1. So how much slack lies between C:M229 and C:E197, counting 0.36 nm per residue of separation and subtracting their Cα-Cα distance, in nm?
2. If I model a spin label as a point 7 Å beyond the Cα along the Cα-Cβ vector, how far apart are those points for A:L57 and A:T188 in nm?
3. Taking all protein chains as present, what is the carbon and sulfur share of the accessible area of the protein assembly as shown, in % to the nearest whole number, probe 1.4 Å?
4. Using a Cα-Cα cut-off of under 14 Å, which aspartates and glutamates could be cross-linked to C:K3, ignoring same-chain neighbours fewer than 8 residues away?
5. Would you look at the GNM of chain C, springs on alpha carbons closer than 10 Å, and say which of C:T107, C:T54, C:T86 moves the most?
6. Name the most mobile residue of A:Q42, A:Q110, A:Q265, meaning the one with the largest mean-square fluctuation, in a Gaussian network model of chain A with Cα contacts below 10 Å.
7. Could you work out the mean count of beta carbons from other protein chains within 10 Å of each residue's beta carbon in B:194-202?
8. If you average the sequence gap of Cα pairs under 8 Å that are 6 or more apart and divide by the length of region C:94-252, what percent do you get for the contact order?
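The values are calculated or read from the model by the stated rules, or taken from the named source; none is laboratory data. Fair warning: this is a prediction, and the values are worked out from it, not measured in the lab. Counting neighbours? That spans all protein chains shown, and the Cβs are built from the backbone with ideal geometry, glycine included. For the accessible areas, the whole protein counts, side chains as well, though only heavy atoms, and no ligand, DNA or RNA atoms are used. Shrake-Rupley method; radii C 1.70, N 1.55, O 1.52, S 1.80 Å.
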Amino acid sequence: MLSLAGQLIIEGLGIGLVYVLLAAGLVLILNIPRVFFIAYGQFYMLGAYILWGGTVLFKLPFFISLILSILATGILGAISYRLIFYYIQNVRDNFLPIIVAAMGLMMIMQQGALLVFGTSSHGMQSEFPGLIEFGDIIVSVEKLVLIILALLVTGILYVLLQKTKIGRAMRAVSFRADISSLQGINPTLVYMVTMGVGCALSGFAGGIMAPVYAVSPDMGGIILTVLLVIMLGGMGSMLGAVLGGLILGLTLSFGHYFIGADLAQIALFLVIGIILFFKPGGLLGNPGEDLSS
Amino acid sequence: MTSPYKRIIGLTVLTFILAMVPLIVKSPYYMHLLIMVGMNAMLAMTFILMLRAGLISLGIAAFWGIGAYVSALLALRLDLSFWMAMPLSAIITGAVALCIGCVLVKNPGFGFIIETVVLGEIAVLAFAHLPLFGGYKGIVSIPPVDPIHIPFLFSIEFVSKTASYYLILFLFLLVAIGYSAFYSAWTGRAWLAIGLNPRLAESKGVNIYRYRLLAFVVGSAGAGLAGSFYAHYYGAIAPTTFNVFKTIYIHIFAILGGVGFPVLGPIIGAFIMILVPEVLRVAKEIEPIITGLLLILLVLFLPQGLLSLLSRRKKNARPVG
Amino acid sequence: MLKVNKLTKHFGGLVAVNEVDLHIDSSEIVGLIGPNGAGKSTLFNLINGFLKPTSGEVFFEGMDITGFKAHDVSHLGIDQSFQASTLFQRLSVLDNVFIGYHMRYKTKYWKRLLRTPSALKEERAFRKDALEILTFMGLQKLRDEQAENLSHGHQKILGVCMALATKPKLLLLDEPVAGMSPTETETMIELIRKIQEKGLTIVVVEHDMKVIMSLCDRIVVLNYGRKLMEGSPNEVLKSDEVIEAYLGKAEI
């Protein structure tokens with residue numbers, strides 16, 4: 001019984017940590033440049049395609065492809081800020097234009113992937129075959145690598161935000177852009193870096209998930225689940241994203257085992273519904289806090 | 001704020017022009033496209049209505065879907081005619097919006113958008129999974145719009161595209177007049193105030209929660225009406241039609257025309273987005289890419305929409321912000 | 001008229017307003033001064049319902065209004081003009097003032113929706129009244145202009161007009177002359193006097209001491225969220241504590 005619980009917890013952690021990363025990246029983008037970046041899921045898809053292309057088509061080592069995924073998505077994210085959102089951000093009533101521009105970007109990337117890679121999905125062989133036994137718990141090496149990589153990146157992100165100069169600047173800008181610009185922080189640069197980091201997180205998540213699930217153009221739909229995680233954790237909170245991701249992962253893995261995939265989905269909505277009923281702003285959010293204004 | 005009289009004159013002229021269209025367009029295919037323009041313009045009007053109150057909903061298609069499913073079920077299970085099912089489905093959609101809106105509207109801004117995205121997804125999942133809604137295949141053989149018989153005078157059968165065109169024109173005007181009534185009444189000013197500066201509006205005594213909820217319910221009922229028409233016009237509905245991407249297109253229709261033009265903007269926007277690709281015979285594969293580019297360019301260079309080109313010239317070029 | 005008991009507001013670990021007592025009598029003008037960050041705007045926002053106090057009570061005309069929502073407070077007769085020129089930028093001047101009539105509609109909602117004669121009559125009456133306010137404040141010529149096209153001084157006057165439209169008994173003015181030229185400031189002082197003569201009670205937050213001195217019957221000084229002292233303009237000016245709070249200890 002205990003071993004079953006351990007097994008399910010590890011499974012849940014695997015999915016959960018990926019959602020933690022995805023939610024953390026989007027929380028950064030939502031709170032610092034305040035862009036409702038609905039194209040976020042497409043960066044996840046792009047990361048997965050680059051990893052698949054790198055390892056399967058060009059026979060590159062897994063980690064090189066993964067780094068390529070991170071770099072490409074990060075740079076593309078930063079460029080998209082500078083080319084599009086930079087011009088809209090200082091306009092009054094910029095809320096709708098920003099969403100619309102992000103929708104445009106989403107459509108371009110989505111359809112571009114369809115044109116280039118076709119509608120069919122591509123599976124790929126696991127880079128890390130084999131199983132490891134910890135007592136009664138049997139874990140695939142692949143899942144273990146995924147968990148370790150996700151934890152590693154979460155740690156890097158934590159250090160980046162808390163200990164580095166750019167991290168402090170990011171937090172300062174999210175608090176008051178006008179004042180921090182007086183203190184010699186260049187908000188545009190901070191926004192570009194934030195978009196880059198956020199999108200790179202999405203690309204990284206896509207990269208490590210590519211061997212687990214098949215790669216397909218409709219992967220971008222993951223944005224819906226990511227938004228669910230953020231809603232659960234609270235809009236403005238990094239820690240909320242972590243909690244939300246873990247709750248989601250565990251609910252899904254336990255749900256899958258005990259009540260089946262379809263009912264697990266419904267159970268998830270129930271859990272979220274109950275939490276939001278008692279905490280309308282999410283677990284760690286402030287209800288009524290209006291980020292748009 | 002335009003005076004109500006100008007609005008009435010404008011609507012009359014618009015009705016007259018739109019009523020003349022079937023005299024010129026004879027091809028059933030183009031009539032079908034125009035019917036789609038009408039229905040999508042109704043949805044885009046709903047988007048603008050909610051936007052006025054500061055609500056950006058990505059769940060409009062879900063309420064469109066609720067209207068369609070409710071109307072289809074009323075017709076199939078309870079044998080109601082279209083003329084009964086249509087108003088009932090609008091009312092039921094509004095009631096659903098009231099229940100959901102009570103919670104959602106409390107948390108405007110990003111929170112509201114996220115919640116409406118999730119809501120849209122839950123709606124599609126519910127349509128697809130609950131046996132009542134017929135699963136992924138959806139509902140088929142929905143009865144067409146019932147004919148109107150008025151003894152000794154006339155009878156209208158909704159078989160031809162032209163008849164359906166006049167029906168959608170009627171529904172469009174119904175919704176346009178309904179929404180305009182709200183705009184020109186006190187509510188419209190309160191919505192505008194909330195959309196422009198919610199805090200200030202609140203300090204002037206406007207109950208922003210109640211007015212936002214009203215916008216959400218009225219808009220959703222309008223979307224439900226469009227859904228009812230859609231179900232009976234097509235005869236079959238499937239869950240994925242009502243996903244978030246549909247709502248994104250609804251946003252595009254409204255923004256292309258200009259969100260400052262609550263009736264004319266949606267017509268122009270939907271007309272261009274639906275007809276131009278057909279006329280130019282753009283390949284279906286690259287159409288979304290062109291649309292996406294168009295959106296970004298629109299936001300960067302013409303954020304107030306196409307119609308603002310005309311009105312700006314009148315008002316002596318004022319910087320658009 | 002307004003009575004505030006031991007009002008306290010914490011923001012996380014920061015105490016923005018700390019056990020402030022305040023009483024304001026009918027038809028007086030009270031000045032609220034203090035260095036930046038003393039908690040003046042927070043105190044306003046606690047009174048008008050934008051913020052909920054951590055502890056303490058607010059009474060308005062004997063009624064406990066602690067923690068009321070902003071629109072409810074507005075209905076009871078407290079309104080304010082904001083620090084920055086906070087207006088509905090894209091509405092006309094007249095429509096800006098019109099918003100203030102929101103809560104005074106007597107006709108039924110559906111009648112307003114259908115524009116029945118009684119609703120139209122009421123709207124005309126409000127329009128007349130709004131124009132009277134604009135005339136009183138000297139903005140009648142600009143009534144069809146978009147608010148964003150007004151000069152800074154006119155925008156601030158419009159802010160006061162909007163507050164007057166809700167027919168408040170107590171008017172809170174947050175830095176009414178900030179950023180104004182000397183002549184505009186003179187006009188504003190005149191207008192505030194005229195408003196007081198109509199029987200309104202006014203609380204002014206202002207950094208410009210000349211304005212405070214020439215307007216106020218009584219001054220309350222806040223520092224670090226606490227009430228430092230309270231008294232007539234002359235008493236306050238002579239107080240060492242106040243000078244110290246403003247200029248810092250180094251000067252003494």
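1. Numbers: separation 32, 0.36 × 32 = 11.52 nm, distance 2.70 nm.
Extending this stretch completely gives an extra 8.8 nm.
2. 3.4 nm
3. Details: 24540 of 37410 Å².
Result for the protein assembly as shown: 66 percent of the exposed heavy-atom area is carbon or sulfur.
4. Filter leaves C:E19, C:D21, C:D25, C:E28, C:E57, C:E61, C:D64.
5. Its mean-square fluctuation being the largest, the pick is C:T107.
6. It is A:Q265.
7. Numbers: counts 2, 3, 10, 9, 3, 6, 9, 5, 9.
What the average comes to for B:194-202 is 6.
8. Numbers: 141 pairs, mean separation 26.5, N = 159.
Answer for region C:94-252 is 17 percent.
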